[in-house]
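Trainee: Before anything else, here's the structure in question.
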Amino acid sequence: MSGLGGERGQASAELVAGVPALALAALVALQLLAVGHAASLADGAAEAGGRAPAAGGAPPGAGGGAAGGPAARPAEAGARAALPGWARDRVEVEVSGGRVAVALRPPAALPGAGKALTVRSSAWARPAPGGR
């Protein structure tokens, strides 16, 4: 029986080492899912921002803003309106010429990670025929 005494507690040691590794793997997987979802949202927002000027104005629910804000810029308002509420505080929309660029910070488990994992997407906006 003296041979078995050296293995006592081995399962506990493996569990102590394994649980944090498993938790870290789950955290990384969830963060990757959040980044992928944010990329999909950014694509949709950029596309909506590109379509807004062609539609002739800001979509319903886009809201107003300060002078030169979303109400004055249908592409920016369209991009912001296409995002869910939590993402509107995490987005930067830039409209330059006919290009609508969206940068979205995904939710992150670590405070500084969201900025490093920012996803970007862009689309081109063209006015409707007839200058509408």
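All of the numbers you see were taken from the coordinates with simple rules; none came from a lab. Since the structure is predicted, the reported quantities are computational estimates derived from the model, not experimental observations. Positions of Cβ are generated from backbone atoms using ideal geometry, with glycine treated the same way; all protein chains shown enter the neighbour counts.
Trainee: Please compute the net charge surrounding residue 89, taking Lys and Arg as +1 and Asp and Glu as -1 over other residues with Cβ under 12 Å from its Cβ.
Mentor: Taking every Cβ under 12 Å from that of residue 89, the sum is +3.
Trainee: Could you work out how much longer the chain between residue 32 and residue 109 gets when fully extended? Use 0.36 nm per residue separation minus the Cα distance between them, nm to one decimal.
Mentor: So the extension gain works out to 26.6 nm.
Trainee: I've got another one for you. Suppose R0 equals 41 Å; then what is the FRET efficiency for residue 54 and residue 25 from their Cβ-Cβ distance, rounded to the nearest 0.05?
Mentor: 0.35
Trainee: Apply the Karplus curve 6.51 cos²θ - 1.76 cosθ + 1.60, θ = phi - 60°, to the phi angles in region 76-86 and return the couplings in whole Hz, x for Gly and Pro.
Mentor: Using θ = phi - 60°, the values come out as 5, 4, x, 5, 5, 5, 7, 9, x, x, 5 Hz.
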